[in-house]
Amino acid sequence: MKRRLAATRWAPDFGNADWAYGVERGWLESMVDYWRDEFDWRAQEAAMNRLPHFRVAIDGVPIHFVHARGQGPSPRPLVLTHGWPWTFWDWKDVIPRLTDPAAFGGDPRQSFDVIVPSLPGFGFSTPLTTTGLEPRRIARLWVRLMRDVLGHARFGAVGGDWGAQITGELGIDHAAEVCGIYLTMPILPGVDGRFLPAEAYAADEQWMVARRDEALPLIASHIAVHMHDPQTLAYALADSPVGTAAWIWERRRAWSDCGGDVAGLFGRDFLCATASLYWLTNTIGSSLRIYKEAFNPTTTPAPRADLRVKTPVGLAIAPKELAYMPRAMAEERCDLRRWTLLPRGGHFAPAEQPEAIASDVRAFFGALEAW
C-alpha cells in the first residue's frame with residue numbers, strides 16, 4: 001500500500017480551495033503523506049485486536065463480527081450495525097460504554113453483550129460472492145447470527161445509515177426476536193426523508209427541512225453512481241488507495257458536524273484506519289453493491305409505504321444528519337419511546353458523539369421490559 005501511495009499520479013486541481021469541485025488536492029496530499037510516512041497500521045491493528053473477533057458463514061455469506069462481553073450483573077445482547085462509508089470500527093468508542101458503563105460513570109445494570117458485524121462485502125466480511133443482499137435480507141442474516149449462531153432468543157438492535165435501514169427491517173419483520181430498535185439516522189423503512197414536503201414537518205422542525213435541502217447535493221453524486229454503476233467505479237477505487245481514501249474522506253467531511261475540519265473531528269489515524277480497512281481487504285467495490293441491491297426492483301421488495309415497526313423505537317436526531325422524518329410521522333409508524341435531539345453530531349454520530357449515543361442507547365433499552 002505504501003508503494004502505491006508513493007507512486008500516486010496526482011490529478012491537477014485549481015480554483016478549488018473551498019472544495020467546490022471535490023477534495024482539495026493540498027489537503028489530500030498532506031493526508032496521504034501522513035498515511036504513507038507516519039500512520040501506524042500495526043498500532044491500529046493492535047487496538048482492533050483487543051476486541052474479540054469472529055467469522056462465520058451464514059447461507060454462504062461470510063460474516064465478520066466483534067463480540068464484546070458485558071461487565072455488568074446481567075448483560076443483554078445488542079447488535080450494532082454500521083453503514084457506508086463506515087466500518088465496524090466506527091463503533092469503537094461506543095462499545096466499551098455499553099459493555100462496561102460503570103467505567104464511564106454509568107449504571108452497571110445497563111451493560112450489554114455487544115455484537116458488531118461487518119456488513120456483507122465490507123472489511124473482513126469478505127469475499128462477497130452473493131448478489132441480492134438488500135437491507136431486508138441482511139436483517140434476516142442478523143437474526144440467524146444472533147439467534148442461531150450466538151443463541152440469543154431476544155436481542156436489541158442499533159444502527160446508522162444502512163445500519164438504520166437494516167435495523168428498521170428487524171423491527172418490522174422480526175419482532176419475535178427483537179425487543180427494540182434504536183436508530184442514529186431517524187428514517188424508518190418505507191420513508192424517503194429526502195423528498196417529504198416541508199408541510200409534513202412541524203414549525204419547530206423546519207430546520208430539518210433546511211438541513212435536508214442543504215445536504216441533498218452532498219449525497220446525490222455517490223447514490224447515483226453506486227446505484228447504477230458500482231462495479232465500474234470499483235475498478236478505479238480498488239486500484240488506488242488514494243482514490244479510495246478521497247472517495248471516503250470527502251463524505252466524512254461533508255456529512256459530519258466537523259465545520260470543515262474532518263481530521264480534527266475524527267483524527268487522522270481514524271481516517272487512515274478506515275481507508276486502510278477498505279483498501280487492504282479490497283472491499284471498497286463490494287461495499288458499493290448494497291446501493292444497487294437496495295434500489296434494484298428485481299431483488300428488492302416493492303416500497304411498503306404503510307409499514308409499521310412492531311417493536312419500541314428510539315431515534316437520535318443529529319443537527320448535521322442528512323435526512324429526517326417528522327416526529328408525527330414517526331409516531332404514526334411505530335411505538336416511539338425516545339426522541340433525542342443531539343446538540344452536536346452528523347451522519348456518523350457513533351464516531352462523532354460516542355458518549356451521547358451510548359448513554360442514550362442505555363437509557364432507551366434500560367426502560368424496556370420485554371427482553
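Values for this structure:
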| read-out | value |
| --- | --- |
| Selected residue [surrounded by fewer than 21 Cβ atoms within 10 Å (Cβ to Cβ), of a type in the set (S, T, Y) and in a helix (DSSP H, G or I)] from S287, S221 | S221 |
| Criterion: more than 22 Å from R289 (Cβ to Cβ) and outside any helix (DSSP H, G or I) - qualifying residue of G264, G259 | G259 |
| Failed condition for M146, given (1) within 26 Å of S74 (Cα to Cα); (2) surrounded by fewer than 24 Cβ atoms within 10 Å (Cβ to Cβ); (3) not aromatic (F, W, Y) | (2) |
| Unique match (being at pLDDT 95 or above, assigned to a helix (DSSP H, G or I) and of a type outside the set (S, T, Y)) among A47, A17, A57 | A47 |
| Filter pass, E355 being in contact (Cβ under 8 Å) with a residue 24 or more places away in the chain, closer than 26 Å to A224 by Cβ and either touching a Lys or Arg at 6+ places or on another chain (Cβ under 8 Å) or not in a loop (DSSP other than H, G, I, E, B) (or both) | no |
| Residue among W41, W35, W27, W19 that is free of Cβ contacts under 8 Å to residues at least 12 places away in the same chain, surrounded by 12 or more Cβ atoms within 10 Å (Cβ to Cβ) and of a type in the set (A, V, I, L, M, F, W, C) | W27 |
| Sole exception among (1) crowded, with 24+ Cβ neighbours inside 10 Å; (2) more than 16 Å from R55 (Cβ to Cβ); (3) hydroxyl-bearing (S, T, Y) for T99, by number | (1) |
| Unique residue being at pLDDT 95 or above, part of a loop (DSSP other than H, G, I, E, B), farther than 22 Å from W279 by Cα and among the small types (G, A, S) when the list is G151, G171 | G151 |
| Output for the range 105-139, where each listed residue is crowded, with 17+ Cβ neighbours inside 10 Å and either in a helix (DSSP H, G or I) or among the basic types (K, R) (or both) | Q110, P135, R136, R137, I138, A139 |
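Per-residue answers, yes or no, for (1) at pLDDT 95 or above; (2) out of contact with any Pro (no Cβ under 7 Å at 6 or more places or on another chain); (3) farther than 16 Å from T311 by Cα; (4) not hydrophobic (A, V, I, L, M, F, W, C):
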site: G163; (1), (2), (3), (4): yes, yes, yes, yes
site: I166; (1), (2), (3), (4): yes, no, no, no
site: E205; (1), (2), (3), (4): yes, no, yes, yes
site: A220; (1), (2), (3), (4): no, yes, yes, no
site: H226; (1), (2), (3), (4): yes, yes, yes, yes
site: A238; (1), (2), (3), (4): yes, yes, yes, no
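The values are calculated or read from the model by the stated rules, or taken from the named source; none is laboratory data. Small disclaimer: the values here were computed from a predicted structure and weren't measured. When we count neighbours, we look across all protein chains shown, and the Cβ atoms used for this are built from the backbone with ideal geometry, even at glycine.
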